[in-house]
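Visitor: Have a look at this one before I ask anything.
The values are calculated or read from the model by the stated rules, or taken from the named source; none is laboratory data. Bear in mind that the values here come from a model prediction, so they are computed numbers and not experimental data. Cβ atoms come from the backbone with ideal geometry, glycine included; neighbour counts cover every protein chain shown. Accessible surface areas use protein heavy atoms only, side chains included; no ligands, DNA or RNA. Shrake-Rupley method; radii C 1.70, N 1.55, O 1.52, S 1.80 Å.
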Amino acid sequence: MAREQVTVCLPPCDPGDVVRAVGAAMAPYDYNRDAGVGDPDAETWWDYWQVDGGGCEFLVVPGYEDDPRLVRGAETLSGQPRNVPPTLCDGGPRALLDLETPRARAAAEACRTFEAWQEFASAYPPGRAFGDFRARHLADPESYSQVQAVEDYRAQPVIAAFLDNPELEEVVGDDPIARLSDDLDGLVRHAMDDVLPSNALLTLEGHWLDVANDARRRYFSDYLIGLPADAYAVRVLYHG
C-alpha cells in the first residue's frame, strides 16, 4: 500500500464541519468498513487519511489568503507539524481556489517549448519520431533490431544535433518530433490538464476515480473547474 492523494469534493458546508464532511465522503472506501458497505468494485481503498496538500496545494485567489473558509491541515499524515504559506491552501470553496493561474502558466510553458523546438528543427531536414523506427522493429524484430532502430533514429540530422544540445534537450524533453511537430493545441491542452489533478478524485456524487490516464486528467480538470462556486475541494493524503 502507498501514500497517495485524493481531491475530495464536498457540498457547501460550515468551515468547522469540513473534516467531518471529508470523513463521511471517504467512509465508503474505508478498507476496514463494515461488510456490505461501499462500492465492491471501487478502484481504491484507504486505511487512514489526513487533510494535507502534500506538495499539491491549491493557489488561493489573491486577496482571500486569510479567508476563514480556507482549509489548511495542521499536521502531516505522519503527525509532523505543517506550515502552509498564506498563498496556498489544502482546500476551500471552489471560488476561492485559483485554478486558472497554474493552468495559464502551464499553457505558456507548453507554447515556449513548442516554439523552441520548431525554431531549432527548422534548420534541418524533417525527421521521423522514434515510434516509426520502433514500429518497424516490432514488425520484423529478427531483421531490424531494437539497437538498430535507436541508432537510425539518432542518426537523423535533427536528432543528432538535438542530442548535442543538452540545454535544449532539458527544455523540450524526450522524443520532440513525436510531441512537438504540429499539434500545438493538443500540447497546450495536455499541459493544462496535467496541472490540477491529484492521484484520485472523489466527486460530489460519491464516485472515486483513480486518475491514471490523459482522459481522466481531462475529466478531473473539467470537473473541478465546473464545481459550484461554494462547493469545497479538499486535498487529502491517504494510505491506500
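Visitor: Over region 145-240, what is the relative contact order in whole percent, taking alpha-carbon pairs under 8 Å and six or more residues apart?
Guide: RCO, region 145-240: 15 percent.
Visitor: Which whole-number value in Å³ per residue fits the convex hull of the alpha carbons of region 158-199?
Guide: Output value, Cα hull per residue: 88 Å³.
Visitor: Between residue 229 and residue 178, what's the calculated FRET efficiency when r is the beta-carbon distance and R0 is 51 Å? Round to 0.05.
Guide: Result of the calculation: an efficiency of 0.80.
Visitor: Still on this model: Which values, in whole Å and largest first, are the semi-axes of the equivalent ellipsoid of the chain obtained as the square root of 5 times each eigenvalue of the Cα gyration tensor?
Guide: Semi-axes (√(5λ), whole Å): 42, 23, 15.
Visitor: Shifting gears a bit: Can you tell me which of 155, 107, 116 moves the most in a GNM of the chain? Springs connect C-alpha atoms under 10 Å apart.
Guide: Ranking 155, 107, 116 by mean-square fluctuation puts 155 first.
Visitor: When the chain is fully extended, how far beyond the present Cα-Cα distance does residue 160 get from residue 14, taking 0.36 nm per residue of separation?
Guide: That pair, residue 160 and residue 14, stretches by 46.6 nm at full extension.
Visitor: Also, quick follow-up: For the chain, which whole percent of the accessible surface, found with a 1.4 angstrom probe, sits on carbon and sulfur atoms?
Guide: 51 percent
Visitor: Would you kindly state how much longer the chain becomes between residue 129 and residue 47 on full extension, computed as 0.36 nm times their sequence separation minus their alpha carbon distance, in nm to one decimal?
Guide: The span from residue 129 to residue 47 would gain 25.1 nm if fully extended.
Visitor: Let's see if you can work this out: charge +1 on each Lys and Arg Cβ, -1 on each Asp and Glu Cβ, no other charges. What is the dipole magnitude of the chain about its Cα centre, in debye to the nearest 20?
Guide: Charge dipole of the chain: 260 debye, to the nearest 20.
Visitor: Can you give the helix-only mean residue ellipticity at 222 nm for the chain, where every DSSP H stretch with n ≥ 4 adds -39500 (n - 2.57) and the sum goes over all residues, rounded to the nearest 500 deg cm²/dmol?
Guide: So the helix-based figure for the chain works out to -11500 deg cm²/dmol.
Visitor: Give the separation of the Cα centroids, region 186-240 to region 47-93, in Å.
Guide: Between the Cα centres of region 186-240 and region 47-93 lies a distance of 17 Å.
Visitor: Starting from the Cα coordinates of region 167-233, work out the convex hull volume and express it per residue in Å³. Could you put the intermediate results ahead of the total?
Guide: Numbers: hull volume 7.6 nm³, N = 67.
Cα-based convex hull of region 167-233, divided per residue, equals 113 Å³.
Visitor: Moving on to the next point. Could you check the simple spin-label distance between residue 222 and residue 146, using points 7 Å along Cα→Cβ, in nm with one decimal?
Guide: Here the modelled spin labels are 3.7 nm apart.
Visitor: How many percent of all Cα-Cα pairs in region 113-165 sit more than 13 Å apart?
Guide: Of all Cα-Cα pairs in region 113-165, 60 percent lie more than 13 Å apart.
Visitor: Just to confirm, what accessible area per residue do you get for the chain at 1.4 Å probe, in whole Å²?
Guide: About 53 Å² of surface per residue is accessible.
Visitor: Taking Cα pairs under 8 Å and at least six residues apart, what relative contact order does the chain come out at, in percent?
Guide: For the chain, the relative contact order is 38 percent.
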